[in-house]
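**Student:** Questions regarding the structure given below will be posed in turn.
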Amino acid sequence: MELMILPRSSEWAELTHEATEVATRYDLGDLQNSFPTKVGLRRKSVRRVYAFYAGMVWQDPGAETEAMRWSDVVDWRESRTLHYQPGTYSHTQFSYTLTRADNVSLTLTSTFRDRRMEHPPVNQVGPPQAFSCSEFCQLVCGHLAETMLPATLQAVQRGEPQDFGSITLSMDRIKVGRHDHPWAQVKNLGVREGSFEVSVGGLRRPLTQETAEIPRFTLSLIFNLAAVSGGRVR
């Protein structure tokens, strides 16, 4: 079944004693929000997820309580896609996966409808907890990206290409899959409907890669490289 974020008013959103102990042990600070997630058909098939100032704590049914500091995250995948039907905004789907050095991962995924996208727009988003989860995860991934940006950019400037799955960035070129092009040939790049797109001179169609498939997807890094190398961004 599709994972679903339950309301903040759900009984599963209450902070448990075990989660409090783990958060204290990891020095995660104050609780920011709870994202209880339905992971099965049975009533008790719920993953308790707690967002703290410095990391996450989660409890899967019948499993030990896990925790992850933001500083423990070595890889993240993010995807946020707007769906249209047909040509009219329908809903937003998101998925965020955070991974520790020991390969333990936490995935948060769900959907919500942002009525601000309607015509005329309505100042309403729901379900609210799914929207809050997506916004929070965006902030976390943005923080992680900004944290790693200086060191990664310096490595590229030293002549050390950086791999992000099927994408390789270097000071003078960008490689997407089997396609390798100098920045001077890049006409435009950006994110559209959940995919990273690179428009290259001489190619009829842009090179694409789903953002969810790009480890440590860091648009700010790509934009910085494009800016210093003469590429165009959108």
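The values are calculated or read from the model by the stated rules, or taken from the named source; none is laboratory data. Fair warning: this is a prediction, and the values are worked out from it, not measured in the lab. Quick reminder, even Gly has a Cβ in these numbers, built from the backbone with ideal geometry, and neighbours come from all protein chains shown. Accessible surface is based on the protein model in full, side chains and every heavy atom, while ligands, DNA and RNA are left aside. Shrake-Rupley method; radii C 1.70, N 1.55, O 1.52, S 1.80 Å.
**Student:** Does anyone have the angle between helix 219-229 and the longest principal axis of the chain? Alpha-carbon axes, 0 to 90°, nearest 10?
**Tutor:** On a 0 to 90 degree scale, this one is about 20.
**Student:** Follow-up. Filter the GluC sites (Glu not before Pro) in region 17-94 down to the DSSP loop ones having no more than 14 other Cβ atoms within 10 Å, then list what survives.
**Tutor:** Here the sparse-neighbourhood loop sites are E64.
**Student:** Just need the relative contact order of the chain here, percent rounded to a whole number, with Cα pairs under 8 Å and 6+ apart. Walk me through the intermediate numbers first.
**Tutor:** On the way: 447 pairs, mean separation 32.5, N = 234.
Result for the chain is 14 percent.
**Student:** Figure the gain on full extension for R205 and E160 (residue separation times 0.36 nm, minus the Cα-Cα span) and round it to one decimal in nm.
**Tutor:** Details: separation 45, 0.36 × 45 = 16.20 nm, distance 2.88 nm.
The span from R205 to E160 would gain 13.3 nm if fully extended.
**Student:** For region 68-107, with all protein chains present and a 1.4 Å probe, just round the carbon and sulfur fraction of the accessible area to a whole percent.
**Tutor:** Working: 920 of 2000 Å².
Carbon-and-sulfur percentage of accessible area, whole number: 46.
**Student:** Let me ask something else. Would you please give the residues with an amide H less than 5 Å from that of R8, counting only those at least 5 places away or on a separate chain, with H modeled from the backbone geometry?
**Tutor:** Q129
**Student:** Going by accessible area, probe 1.4 Å, with all protein chains left in place, what is the ranking of R100, R113, largest first?
**Tutor:** R113, R100
**Student:** So what J values fall out for region 27-37 if you push phi through Karplus, 6.51 cos²θ - 1.76 cosθ + 1.60 with θ = phi - 60°, rounded to Hz, Gly and Pro as x?
**Tutor:** Calculated HN-Hα couplings, in order: 6, 8, x, 6, 5, 9, 6, 10, 10, x, 10 Hz.
**Student:** Leaving out ligands and nucleic acids, and using a 1.4 Å probe, what accessible area per residue does region 13-168 come to in Å²?
**Tutor:** Working: 8280 Å² over 156 residues.
I get 53 Å² per residue for region 13-168.
**Student:** Connecting C-alpha atoms closer than 10 Å in a GNM of the chain, tell me which of V39, V73, V122 has the biggest fluctuation.
**Tutor:** V122
**Student:** So, one more: Take K175, K38, K44 and sort them by solvent-accessible surface of the protein heavy atoms, 1.4 Å probe, largest at the top.
**Tutor:** Greatest to least solvent exposure: K44, K175, K38.
**Student:** Can you show me the helix-derived [θ] at 222 nm for the chain, built from DSSP H runs with n ≥ 4 at -39,500 (n - 2.57) apiece and divided by the number of residues, rounded to the nearest 500. Could you put the intermediate results ahead of the total?
**Tutor:** On the way: 3 runs with 50 residues, N = 234.
Counting only the DSSP helices, I get -7000 deg cm²/dmol.
**Student:** Let me ask something additional. What does the charge add up to near G126, with Lys and Arg as +1, Asp and Glu as -1, over the other residues with Cβ less than 10 Å from its Cβ? Please report the intermediate quantities before stating the final value.
**Tutor:** Numbers: positive: R113, R115; negative: D114.
Neighbourhood net charge equals +1.
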